[in-house]
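A short worksheet on the structure shown next.
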Amino acid sequence: MLQEKIKKIESLEELQELYASVFGKNGTMTMRLKDMKNLSNDERAELNRENTELRELFKSRQTKIENTVLNAALAGQKLDVSLNAEPKNRGTIHPLTQSLYEISKILESFGYTRHTGPEIEDDWHNFTALNTPSYHPARDMQDTFFLPNGNVMRTQTSAIQVRTMETQGVPIKMFGIGSTYRKEMDATHGPMFGQIEGLYIDKDITLSDLVGDIRAFLKRFFNLDNVDLRIRPSYFPFTEPSIEVDMKWNGEKWLEIMGAGMVHPNVLRNCGVDPDKYQGFAFGFGWDRLAMLKYNLPDLRDLYGNDIRWLKSCGF
Ligand code: DAH
């Protein structure tokens with residue numbers, strides 16, 4: 001009987017052959033089904049039952065054979081787990097990237113949204129809109145790389161605050177992050193460095209909101225219960241008043257951490273914001289400098305050297 005025959009088959013090829021002889025174009029079942037119109041109702045029901053039964057039988061036999069083949073293959077393979085693995089050098093996240101992630105996460109948790117901008121900037125976004133017209137002496141505070149067409153390599157991420165206010169308007173709570181460029185080079189300054197710019201403009205933002213956010217930020221970033229801050233008056237063309245923030249490091253020396261201030265009314269006006277209705281603060285700091293402090297790295301230039309031996313010696 002066909003059913004018995006199916007159950008005895010051991011190979012997939014044989015099974016397929018038999019299947020074709022039953023369900024193929026001229027297969028026995030195919031022919032019988034074609035003839036169905038000549039059958040009585042009872043005979044039809046019986047044929048349908050037989051058809052279903054045979055198909056299921058073929059299917060379950062196929063699964064069974066496949067499993068047997070697989071099990072035999074697995075039994076033939078052996079995995080020697082006692083062999084020593086070759087040591088693999090694993091990549092790690094660079095300290096700069098690591099601190100960038102941490103800083104962004106903290107600022108985002110304070111409600112600042114992250115923005116970027118072009119590294120080649122025009123004069124308007126890098127200087128003029130920031131209340132630093134072409135004759136302004138403050139341009140000399142930053143040794144700028146000029147491009148032949150009059151554009152500059154962005155000297156400060158403050159350009160991002162202008163771009164974001166221009167496109168999104170106020171109220172706004174944002175930070176810009178990216179590389180900046182200046183003609184300088186020593187242990188704590190490189191020609192390229194990472195800067196972060198924060199901006200918070202609304203109807204009743206004050207300098208003490210700024211100090212509160214900076215304190216909370218530093219506590220989180222350096223994992224400290226308390227930070228001692230020193231707020232010094234300073235000068236930036238784009239803020240009035242302007243301050244510089246120092247932080248007591250290891251309970252002994254003061255380190256300059258960032259520049260900040262209340263955004264100058266001229267800057268707001270240049271970005272299409274009415275300074276009689278809106279005010280707020282901005283701050284800017286070198287994110288590589290914060291990484292140096294946090295991970296205790298002696299020379300900023302090493303951060304950009306990508307020397308794996310150095311990275312390892314710093315625990316990365
Ligand atoms: N752009 C300044 C610099 O490069 C940093 C800075 C100072 C940014 C004060 C600010 C600010 O937004 O309010 O030195």
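Worth pointing out:
- Checking 280, 259 one by one, the residue that is crowded, with 16+ Cβ neighbours inside 10 Å, closer than 14 Å to residue 199 by Cα, within 10 Å of the ligand (Cβ to nearest atom) and of a type outside the set (Ser, Thr, Tyr) is 259 and no other.
- Scanning the stretch 230-237 for any residue that is without any contact (Cβ under 8 Å) to a residue 60 or more places away in the chain, within 29 Å of the chain's Cα centre (by Cα) and either assigned by TED's automatic domain parsing to the domain that holds residue 110 or closer than 29 Å to residue 172 by Cβ (or both) turns up nothing.
- Residue within the stretch 120-129 that is buried (at least 19 other Cβ atoms within 10 Å of the Cβ) and small (Gly, Ala, Ser) present: yes
- When each of 208, 179, 158 is tested for being within 22 Å of residue 299 (Cβ to Cβ) and of a type in the set (Gly, Ala, Ser), the lone residue that passes is 179.
- Just one of the listed residues (166, 197) is of a type in the set (D, E, K, R), touching a strand residue (DSSP E or B) at 6+ places or on another chain (Cβ under 9 Å), outside any loop (DSSP other than H, G, I, E, B) and touching a residue at least 60 places away in the same chain (Cβ under 8 Å), and it is 197.
- Enumeration of residues in the stretch 23-67 that are surrounded by 11 or more Cβ atoms within 10 Å (Cβ to Cβ) and among the β-branched types (Val, Ile, Thr): 28, 30, 65
- Per the listing 149, 126, 131, the residue uniquely in the same structural domain as residue 215 (by TED's automatic domain parsing), within 16 Å of the ligand (Cβ to nearest atom), out of contact with any strand residue (DSSP E or B) (no Cβ under 8 Å at 6 or more places or on another chain) and at pLDDT 90 or above is 131.
The values are calculated or read from the model by the stated rules, or taken from the named source; none is laboratory data. Bear in mind the structure is a predicted one, so any value in this text is a computation, not a measurement. As a convention, Cβ positions derive from the backbone with ideal geometry for all residues, glycine included, and neighbour counts pool all protein chains shown.
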